[in-house]
Amino acid sequence: MKRMTLIFFAIIIFGIAEAQELKPISLPPPDTAGGKPLMQSIKLRKSSREFSQEKVAPQVLSNLLWAAFGINRPDGHRTAPSAMNWQEVDIYVVTENGTFLYDAKTHSLLPVAPNDLREKTGTQAFVKDAPLDLVYVADLSKVKRATGEDQILYLGADAGFIAQNVYLFCASEGLATVVRGSVDKKELPKLLKLRDDQKIILGQTVGHPKK
Ligand SMILES: Cc1cc2nc3c(=O)[nH]c(=O)nc-3n(C[C@H](O)[C@H](O)[C@H](O)COP(=O)(O)O)c2cc1C
């Protein structure tokens, strides 16, 4: 019994220590000058479902998140449009080393969970092998003056624009990606610590193509 109690406390303490270790990560400033010309990127855009385990370098992740939904104007507007400028879609960045929330204002990653949740972001086998699974989550507290079907359509459209930015960035960088409706919408909200007024819209897996 004593041994069990010790193990129990060890798990608790280790768990807390692990959670505390996850700190906000400042991303390097995005390189907004590079990349392939737009028409070439559009020509190369496609869905891929085979990923190598090679990690995405910090500069590439920085560029990717900025392209996805970073701030591209001094007044705080973003690289993707959003209905009534709600800017309601948050990007959860799920990696082997923990799960983070992309904060566009500081261009940094805020800790969400210390463990590897990649497998839990989808139902397809590749989600756990790829280095990066993005989850697009709508924050309904930012959604005003739209209800019912309109609201659902707008949320889907807003996440879709972000996903397309990621598609085009990946095409430009030679990365593989696929946007996914197949997300475990029952378990994942708990693991991402979402409130009731946060709704998962889509997932998107990113990585280097399998050679
Ligand atoms: C809203 C949406 C949901 C999707 N969900 C999935 C998915 O769950 N799993 C998957 O492998 N592909 C998914 N896809 C990718 C489509 O299957 C893919 O875009 C389509 O087959 C066309 O291929 P392409 O993107 O290479 O042109 C989804 C695409 C969209 C737009």
For ALA57, what is the net charge nearby, where nearby means another residue's Cβ is under 15 Å from its Cβ and Lys, Arg count +1, Asp, Glu -1?
-3
Output the 0 to 90 degree angle, nearest 10, between the alpha-carbon long axis of helix 148-173 and the longest principal axis computed from the alpha carbons of the chain.
80
Taking a cut-off of 20 Å between Cα atoms, list the lysines near LYS190, but don't count ones fewer than 8 places away on the same chain.
LYS120, LYS128, LYS199
Tell me the angle of helix 2-21 to the major Cα principal axis of the chain, expressed in degrees between 0 and 90 and rounded to the nearest ten.
30
Using alpha carbon centers only, region 26-60 is separated from region 166-194 by a whole-angstrom value of 14
Cα→Cβ-extended label distance, 7 Å offset, between ASP75 and LYS55, nm
4.0
To the nearest 10 degrees, how steeply does helix 58-69 sit against the main Cα axis of the chain, on a 0 to 90 scale?
60
Can you put PHE69, PHE51 in order, fewest other beta carbons within 10 Å first?
PHE51, PHE69
With -39,500 (n - 2.57) per DSSP H segment of 4 or more residues and division by the full residue count of the chain, the 222 nm estimate, nearest 500 deg cm²/dmol, is -10500 deg cm²/dmol
What FRET efficiency comes out for the pair ARG195/ASP129, r = Cβ-Cβ distance, R0 = 30 Å, nearest 0.05?
0.50
Within region 121-153, list the trypsin sites (Lys or Arg not before Pro) lying in a DSSP loop whose Cβ has at most 15 other Cβ atoms in a 10 Å radius.
LYS144, ARG145
Strictly over 24 Å apart at the Cα level, which of LYS23/LYS193; LYS43/LYS105; LYS46/LYS142 would you flag in this model?
LYS43/LYS105; LYS46/LYS142
With a 10 Å cut-off between alpha carbons and a GNM built on the chain, which of LEU134, LEU194, LEU155 moves the most?
LEU194
How much net charge surrounds PRO189 when only other residues with a Cβ under 12 Å from its Cβ are counted (Lys, Arg +1; Asp, Glu -1)?
+3
Can you run the Rg to Rh ratio on region 53-211? Use alpha carbon positions and the Kirkwood inverse-distance Rh.
0.94
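All of the numbers you see were taken from the coordinates with simple rules; none came from a lab. For clarity, every value in this text was computed on a predicted model and none was experimentally measured. Ideal geometry is used to build each Cβ from the backbone, glycine not excepted, and the neighbour counts take in all protein chains shown.
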